[in-house]
Amino acid sequence: MAAEAPGTLPVQLVEQPRLQKLKEMFISKFGSAPKFYVRAPGRVNLIGEHIDYCGYAVLPMAIEQDILIAVEPVKTQVVHLANTNSLYLDFSTSVNNIQINKTKPQWHNYFLCGLKGIQEHFGLNNPTGMNCLLDGTIPPSSGLSSSSALVCCAGLVTLTANGKTLSKVELAEICTKSERYIGTEGGGMDQSISFLAEEGTAKLIKFNPLRATDVRLPSGAAFVIANSCVEMNKAATSHYNIRVMECRLATKLLSKSKGLDWEKMLRLHDVQTKLGVSLEEMLTIVEEVLHPEPYSAEEICKCLGISLEELRSQILSQNTQDVSTFKLYQRAKHVYSEAARVLEFKKICSEAPANALQLLGELMNQSYISCREMYECSCPELDRLVDICLQFGAIGSRLTGAGWGGCTVSMVPTDKLNAFLKDVKKAYYQSDVQRLALEKNSLFATKPGRGALVFVEA
């Protein structure tokens, strides 16, 4: 499955009102018709937060909300980008001179990441120009991967326009690397599920090498997404990249204390692999080696026997140079315990015991507490929303995506779903004028959707 290229689907536009409307808007914008359409879905991560960039498996599913782009390859070497949402301004650039501005994560820069990734992979000297009109239904900065879906969509658009082919896994790996052009040190979950998703199943996604296994979710429960309406942009804020660095520093200190070649070790997963121990044993090692008090940059240098200059130039990323304290114990504790919860979640789904829903709900709740207490990636609104969801019948509820805003995902018994939606709407959205305005797209039950596709008119 993963070795396949993304599918190309012939469609009758009359049966696809959204595509039909996009085509009409494209013609009125560019004066000609699109040749093909590409969609890439957003995702919800059911469990496994902030561990993909540490090398550990995660458990997401694709959602129905997506990025859809209508495309016409053109003879000039210019890319014209337009958006159906007038808040996002048009943008044009030469395909031979892609400049990605890290200081302002504007929408077109995510498209350019995907474009540049494909160009560089194939060493395209003469890439084709394109007219593109984008329509997105994923709420932005909501933790449902609107930015990665856009990078993936742009990668598949560029691939198709230039007549090239790649497998889904290769596309996911290229798009993961190319999103770093905008300064997000992500781990690959979002791009992988966007390409590898299949309808009706969540996926356990493992890294190095990238592979995906089906996870059949239990019947009798629905997964409900609720947006806190607090926006969080990973590329615009430093929280996310600081966490990536804290995990990297914890990796170095744990490795050094165990006599490993710490300079080569980058991810917490590497330490476990090299030591050949279980996740439970790693948690014991964290207790022995790291202290709960924050580490100063000076103390880290002393532990590693390096200068402050070496720490900054060899270990810290560009956007974390000025951070003065790091919480290593808490971050490592979260990662190793969360990695174990993911495997347990998958095991319960496979074995389907009678109390599966109860057990899965408990894992989601433990994950949330760890995100809030140990990883400190929640916020007051998310805390309130999780409380409300649990109060009105969710068996498990947690933040999903990077956190600091964005969405919660809750597991709700199917027979309680309608009452749950009504109660949460009243308690969280109708009590606040701003949230009420956003409520229509902020609270919905979701099923596992399919991955990225190319559409052509039949």
Q) Using beta carbons and a limit of 6 Å, which pairs, at least six apart or on different chains, have the first residue in the range 256-273 and modelled with pLDDT of 95 or more and the second one outside any helix (DSSP H, G or I)? A) Arg267/Gly55; His269/Gly55; His269/Tyr56
Q | Count of the range 349-373 residues which are without any contact (Cβ under 8 Å) to a residue 40 or more places away in the chain, of a type in the set (A, V, I, L, M), part of a helix (DSSP H, G or I) and farther than 28 Å from Met245 by Cβ | A | 1
Q. When the range 65-106 is examined, which residues are found to be in contact with a strand residue (DSSP E or B) (Cβ under 8 Å, 6 or more places away or on another chain), of a type in the set (D, E, K, R) and over 11 Å from Leu133 (Cβ atoms)?
A. Asp66, Lys75
Q) Can you tell me which residue in the range 286-298 is farthest from the chain's Cα centre (by Cα), limited to those that are in a helix (DSSP H, G or I) and crowded, with 16+ Cβ neighbours inside 10 Å? A) Val289
Q) Can you tell me which residues in the range 164-211 are among the β-branched types (Val, Ile, Thr) and farther than 18 Å from Arg450 by Cα? A) Thr165, Ile174, Thr176, Ile182, Thr184
Q.
Looking at Ile27 and the list (1) touching a Phe, Trp or Tyr at 6+ places or on another chain (Cβ under 9 Å); (2) outside any loop (DSSP other than H, G, I, E, B); (3) open to solvent by 30 Å² or more (accessible area, probe 1.4 Å), which single condition is not satisfied?
A. (1)
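A quick yes/no check of all residues on (1) among the basic types (Lys, Arg); (2) buried (at least 23 other Cβ atoms within 10 Å of the Cβ); (3) free of Cβ contacts under 8 Å to residues at least 24 places away in the same chain:
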{"position": "Glu173", "(1), (2), (3)": "no, no, no"}
{"position": "Glu179", "(1), (2), (3)": "no, yes, no"}
{"position": "Lys206", "(1), (2), (3)": "yes, no, no"}
{"position": "Arg243", "(1), (2), (3)": "yes, yes, no"}
Q. Would the range 376-383 turn up any residue that is open to solvent by 40 Å² or more (accessible area, probe 1.4 Å) and more than 24 Å from the chain's Cα centre (by Cα)?
A. no
(Q) Quick check on the range 259-267. Is at least one of its residues out of contact with any Lys or Arg (no Cβ under 7 Å at 6 or more places or on another chain) and under 17 Å from Lys327 (Cβ atoms)? (A) no
Q) Assuming Lys252 fulfils every condition listed in (1) over 28 Å from Lys203 (Cβ atoms); (2) surrounded by fewer than 20 Cβ atoms within 10 Å (Cβ to Cβ) apart from one, which condition is it? A) (2)
(Q) Looking only at the range 319-329, how many residues end up being modelled with pLDDT of 95 or more and surrounded by 19 or more Cβ atoms within 10 Å (Cβ to Cβ)? (A) 4
Q: Please go through the range 299-318 and pick out each residue that is surrounded by 11 or more Cβ atoms within 10 Å (Cβ to Cβ) and either touching a residue at least 60 places away in the same chain (Cβ under 8 Å) or touching a Leu at 6+ places or on another chain (Cβ under 8 Å) (or both).
A: Ile300, Cys301, Cys303, Leu304, Leu311, Ile315, Leu316, Ser317
Q.
Take the conditions more than 16 Å from Leu46 (Cα to Cα), open to solvent by 10 Å² or more (accessible area, probe 1.4 Å), in contact (Cβ under 8 Å) with a residue 12 or more places away in the chain and assigned to a strand (DSSP E or B) and apply them to Asp214. Does it pass?
A. no
Q) Is it true that some residue in the range 340-352 is farther than 23 Å from Asp52 by Cα and open to solvent by 30 Å² or more (accessible area, probe 1.4 Å)? A) yes
Q. Hey, among the residues in the range 384-419 that are small (Gly, Ala, Ser), at pLDDT 95 or above and closer than 13 Å to Asn45 by Cα, which one's surrounded by the fewest Cβ atoms within 10 Å (Cβ to Cβ)?
A. Ser397
(Q) Return the pair list, or none, for Cβ contacts closer than 8 Å from residues in the range 425-436 that are within 19 Å of Gln391 (Cα to Cα) and at pLDDT 75 or above to residues that are open to solvent by 70 Å² or more (accessible area, probe 1.4 Å) and not in a loop (DSSP other than H, G, I, E, B), at least 6 apart or on different chains. (A) Ala427/Gln391; Tyr428/Arg384; Tyr429/Leu436; Tyr429/Leu438; Gln430/Leu436
Q. How many of the residues in the range 30-54 are part of a strand (DSSP E or B) and closer than 27 Å to Phe444 by Cβ?
A. 11
(Q) If the requirement is being under 28 Å from Lys21 (Cβ atoms), charged (D, E, K, R) and surrounded by fewer than 21 Cβ atoms within 10 Å (Cβ to Cβ), which of these qualifies: Glu199, Glu185? (A) Glu199
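The values are calculated or read from the model by the stated rules, or taken from the named source; none is laboratory data. These numbers were taken from a predicted model, which means no experiment stands behind them. Quick reminder, even Gly has a Cβ in these numbers, built from the backbone with ideal geometry, and neighbours come from all protein chains shown. The accessibility values were calculated without ligands, DNA or RNA, using every heavy atom of the protein model including side chains. Shrake-Rupley method; radii C 1.70, N 1.55, O 1.52, S 1.80 Å.
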